[in-house]
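*Asks:* Below is a structure I'd like to ask you about.
The values are calculated or read from the model by the stated rules, or taken from the named source; none is laboratory data. Because the structure is a prediction, the values reported are computed rather than measured. As a convention, Cβ positions derive from the backbone with ideal geometry for all residues, glycine included, and neighbour counts pool all protein chains shown. Ligands, DNA and RNA are excluded from the accessible area calculation, which covers all protein heavy atoms including side chains. Shrake-Rupley method; radii C 1.70, N 1.55, O 1.52, S 1.80 Å.
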Amino acid sequence: MRKVYYIYNPQTQTYDRIYPTIRQRIMGILRRTFIGMGFGVVTFLIFLVIFGTPSEKELRKANSELEAQYNVLSKRLDDALEVLQAVQQRDDNLYRAIFMADPVPTAIRKAGYGGTNRYENLMNMANAELVVNTTQKLDLLYKQLYIQSLSFDNVLDLAKNHEEMLRSVPAIQPVSNKDLRRTASGYGMRIDPIYKTRKFHQGMDFAAPLGTNIYATGNGIVTKTGWQSGYGNTIVIDHGFGYQTVYAHLQDIRVKRGKKVIRGEVIGGVGNTGKSTGSHLHYEVHVKGKPVNPINYYFMDLSLEDYNKMIEFAANNGQVLD
Ligand SMILES: [Zn+2]
């Protein structure tokens, strides 16, 4: 509303109307405009704070939808990792075990991606934790799947060699031992029969009369024959696939070095040579250069019942013959 000003004129004794100058008018218009604009801006800001802009509202909605989808994705990655874990366990405990391959080392299975800055570019994002977490799971899945596929390649190779391996891996007893009564002492800590001290017995003893036939326990090549300190007359057979067998204290050796032998072939006779307290065969199985318990390598020979009986006999501490 426009204000109207009057001024008293003593000469005419009337009130004269005062008209504002152009400048005053412009100032008036500007003042009102600024007040209006100020009021508008304040109102706008108040609405913005309370309700947000329409586009911001949409963004927020889209963002929460994305977040929900990410959470679902993350959950599904958990499920996938769980399935993979079951496959890994089956691989280690069944497939690899069938072919007597070592399980894939945990350090290799669990190995992460190198570099701590790998996810740095994601750290600045909103919801960084969720995004990084999900990306890490995806990387883990990818890496572990890759390692698993390598392991299956390996198992496939083993399967191709399986028949040859079945013929070669030591799988019978080195002497005829139907009632198992020739089982003298097993693998493990035993009292030394001569020095009477506790000592690790890294093979299995079979008590049998002098000259009793000794059999190759798997296909292979004779790699050593002759006298060995402590062991007396000894034969070593290399079966391939990381397996070797040692036959010690023999009375006689009936094969030559370099000869190919098949499972069940007679290679020598039981004796009492070397550090020995009676006629017996000391038999060792080595896997990748390390002695293992031979009791697990009679599986073509022993029923489960016999196997359990043999464990009982082999645990007998008193009858070690060295
Ligand atoms: Zn022994």
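Yes/no matrix, rows are residues, columns are (1) open to solvent by 60 Å² or more (accessible area, probe 1.4 Å); (2) within 15 Å of the ligand (Cβ to nearest atom); (3) among the basic types (Lys, Arg); (4) more than 30 Å from VAL83 (Cβ to Cβ):
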{"residue": "PHE152", "(1), (2), (3), (4)": "yes, no, no, no"}
{"residue": "LEU166", "(1), (2), (3), (4)": "yes, no, no, yes"}
{"residue": "ASP192", "(1), (2), (3), (4)": "no, yes, no, yes"}
{"residue": "TYR195", "(1), (2), (3), (4)": "yes, yes, no, yes"}
{"residue": "ASP205", "(1), (2), (3), (4)": "no, yes, no, yes"}
{"residue": "ASN219", "(1), (2), (3), (4)": "no, no, no, yes"}
{"residue": "GLN228", "(1), (2), (3), (4)": "yes, yes, no, yes"}
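Rundown of residues vs (1) more than 42 Å from the chain's Cα centre (by Cα); (2) over 30 Å from ARG109 (Cα atoms); (3) open to solvent by less than 100 Å² (accessible area, probe 1.4 Å); (4) assigned by TED's automatic domain parsing to the domain that holds ARG109, yes/no style:
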site: GLN11; (1), (2), (3), (4): yes, yes, no, no
site: TYR15; (1), (2), (3), (4): yes, yes, no, no
site: THR21; (1), (2), (3), (4): yes, yes, yes, no
site: THR33; (1), (2), (3), (4): yes, yes, yes, no
site: VAL42; (1), (2), (3), (4): yes, yes, yes, no
site: LYS75; (1), (2), (3), (4): no, no, no, yes
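*Asks:* Looking at (1) under 21 Å from PHE313 (Cα atoms); (2) outside any loop (DSSP other than H, G, I, E, B); (3) away from the ligand (no atom under 16 Å from the Cβ), which is the one condition that is false for TYR247?
*Replies:* (3)
*Asks:* Still on this model: Check the stretch 231-241 and report whether any residue there is crowded, with 18+ Cβ neighbours inside 10 Å, within 16 Å of the ligand (Cβ to nearest atom), hydroxyl-bearing (Ser, Thr, Tyr) and assigned to a loop (DSSP other than H, G, I, E, B).
*Replies:* yes
*Asks:* Hey, another quick one. For the stretch 168-190, which positions are hydrophobic (A, V, I, L, M, F, W, C) and either open to solvent by 20 Å² or more (accessible area, probe 1.4 Å) or within 14 Å of the ligand (Cβ to nearest atom) (or both)?
*Replies:* Within the stretch 168-190, ILE172, VAL175, ALA184, MET189 qualify.
*Asks:* State all residues of the stretch 61-73 that are open to solvent by 80 Å² or more (accessible area, probe 1.4 Å) and not polar (S, T, N, Q); if no residue qualifies, say none.
*Replies:* LYS61, GLU65, LEU66, VAL72, LEU73
*Asks:* Within the stretch 283-309, how many residues are more than 15 Å from the ligand (Cβ to nearest atom) and not polar (S, T, N, Q)?
*Replies:* Total meeting the criteria: 15.
*Asks:* Looking at (1) over 30 Å from PHE241 (Cα atoms); (2) in a helix (DSSP H, G or I), find the lone condition where ARG17 falls short.
*Replies:* Evaluating ARG17 over (1) over 30 Å from PHE241 (Cα atoms); (2) in a helix (DSSP H, G or I) leaves (2) as the failure.
*Asks:* Would you please list the contacts, defined by Cβ atoms under 7 Å and residues six or more apart or on different chains, that run from a residue in the stretch 153-177 that is in the same structural domain as LEU94 (by TED's automatic domain parsing) to a residue that is outside any loop (DSSP other than H, G, I, E, B)?
*Replies:* Hits for this filter: VAL155/TYR95; VAL155/ARG96.
*Asks:* Further question: What are the residue pairs meeting all of these: first residue in the stretch 297-322, first residue over 15 Å from ARG182 (Cα atoms) and open to solvent by 40 Å² or more (accessible area, probe 1.4 Å), second residue modelled with pLDDT of 85 or more and assigned to a loop (DSSP other than H, G, I, E, B), Cβ atoms under 6 Å, and 6 or more apart or on different chains?
*Replies:* Partner pairs satisfying both residue conditions: PHE299/ALA171; MET300/ALA171; MET300/ILE172.
*Asks:* Please indicate, with yes or no, whether at least one residue in the stretch 130-140 is free of Cβ contacts under 8 Å to residues at least 12 places away in the same chain and open to solvent by 80 Å² or more (accessible area, probe 1.4 Å).
*Replies:* No, the conditions are met nowhere in the stretch 130-140.
*Asks:* Among what's in the stretch 154-197 and is at pLDDT below 85 and of a type in the set (Asp, Glu), pick the residue that is nearest to ARG263 (Cα to Cα).
*Replies:* Ranking the qualifying residues of the stretch 154-197, first place goes to GLU163.
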